[in-house]
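Shown next, in structure tokens, is the structure this report addresses.
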């Protein structure tokens, strides 16, 4: 089987570098172009010494003419830039976006949350918001694939099965998420230049973080009802990983074992999701450098209240790995190719 040609735009950011690492070991693709704006002419080893493959091209500035030679375009760019690229797509191109450009199904919502006018409204309907375990049977129909954000990935995986089964109170969900600072991108070092980034924890985007939009959109899609939740993200003094602590109130007489069974049954055929024993305390260290999500259902002192713990690596399951997983689904490759 001939290899598919890949272009990675935004190849030198944290997500882009991790994506290149996964694609290098993927036996069904060839990296044809690595694109960047401020790094043109440099080798990718300048940004990560472990990427020593001589087959990797030097970084070039994106040019739409490259699309004539490309099967798959991965974009790990600032918001808005993948929209522009989507306007140049050829019939055989597949665009897999790791940013937010096609996550929201209404252009008005994109303007509200990202303060930008959408530059490719015609392509919104041609795209799919694809959390792979949830949309695995639909991905093949689309040539524009939007990968969920890192926080929503850790949150939606445990919540979607529960809202579908109508097990929880939809008016009182509290989500507390903590991420490694790589989730804020390379610019985080400038933004927190005068703060103690490496020895402190800080809340940000309280009440109005952009990921609220896709969490709400997706939960409403699967519950068919209005969802009321509070989501607070935190930046922690570690490089990578996310721990989401989700507080739920269940319907009367729903037990902890029933919640666990619903999750276990839902993900029984999904190799990257692991539902742990009840009351398991989990650490991001359990999933770092993997495409896995671990979920634990824990008791509280209050009747009908439970805490769900969910952990992922934000750069892989919350980013590049999810992109590769979607590619594998789209093209019918073995699901674990490049990911294990």
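Screening the candidates 288, 282 for the property of being out of contact with any helix residue (DSSP H, G or I) (no Cβ under 6 Å at 6 or more places or on another chain), in contact (Cβ under 8 Å) with a residue 40 or more places away in the chain and in a loop (DSSP other than H, G, I, E, B) yields one hit, 288.
When region 251-273 is filtered for residues that are crowded, with 19+ Cβ neighbours inside 10 Å, outside any helix (DSSP H, G or I) and either in contact with a strand residue (DSSP E or B) (Cβ under 7 Å, 6 or more places away or on another chain) or free of Cβ contacts under 8 Å to residues at least 40 places away in the same chain (or both), the ones remaining, listed by number, are 267, 272, 273. The lone criterion from (1) in contact with a strand residue (DSSP E or B) (Cβ under 8 Å, 6 or more places away or on another chain); (2) without any contact (Cβ under 8 Å) to a residue 24 or more places away in the chain left unmet by residue 302 is number (1). Only residues that are farther than 15 Å from residue 60 by Cα and assigned to a loop (DSSP other than H, G, I, E, B): list them for region 8-28, please. Across region 8-28, the qualifying residues are 25, 26, 27, 28. Checking each residue in region 35-56 for being loosely packed, with under 14 Cβ neighbours inside 10 Å and in a loop (DSSP other than H, G, I, E, B) picks out 38, 40, 41, 49, 50, 52, 53, 54, 55. Going through (1) in contact (Cβ under 8 Å) with a residue 12 or more places away in the chain; (2) touching a helix residue (DSSP H, G or I) at 6+ places or on another chain (Cβ under 9 Å); (3) surrounded by fewer than 22 Cβ atoms within 10 Å (Cβ to Cβ) one by one, residue 149 falls short only on (3).
Of 315, 276, 309, 339, all but one fail to be under 22 Å from residue 138 (Cβ atoms) and either modelled with pLDDT of 95 or more or surrounded by fewer than 20 Cβ atoms within 10 Å (Cβ to Cβ) (or both); the exception is 339.
In region 179-198 there is at least one residue matching the filter, namely being touching a helix residue (DSSP H, G or I) at 6+ places or on another chain (Cβ under 9 Å) and either part of a strand (DSSP E or B) or modelled with pLDDT of 95 or more (or both).
So, residue 102, is that one assigned to a loop (DSSP other than H, G, I, E, B), surrounded by 13 or more Cβ atoms within 10 Å (Cβ to Cβ) and over 17 Å from the mean Cα position of the chain (by Cα) or not? Answer is no for this residue.
Look at residue 208 and say whether it is without any contact (Cβ under 8 Å) to a residue 24 or more places away in the chain and assigned to a loop (DSSP other than H, G, I, E, B). Yes; evaluated as a whole, the condition is true for this residue. Applying the set (1) more than 14 Å from residue 9 (Cβ to Cβ); (2) touching a residue at least 40 places away in the same chain (Cβ under 8 Å); (3) in contact with a helix residue (DSSP H, G or I) (Cβ under 7 Å, 6 or more places away or on another chain) to residue 112 leaves exactly one unmet item: (3). Tallying residues that are closer than 22 Å to residue 296 by Cβ and assigned to a helix (DSSP H, G or I) within region 310-324 yields 5. Of the residues screened, residue 24 is one that is surrounded by 15 or more Cβ atoms within 10 Å (Cβ to Cβ) and either under 25 Å from residue 148 (Cα atoms) or touching a residue at least 12 places away in the same chain (Cβ under 8 Å) (or both).
The values are calculated or read from the model by the stated rules, or taken from the named source; none is laboratory data. As the structure is a prediction and not an experimental result, all values here were calculated from the model. Neighbour counts are summed over all protein chains in view; Cβ atoms, including those assigned to glycine, are modelled from backbone coordinates with ideal geometry.
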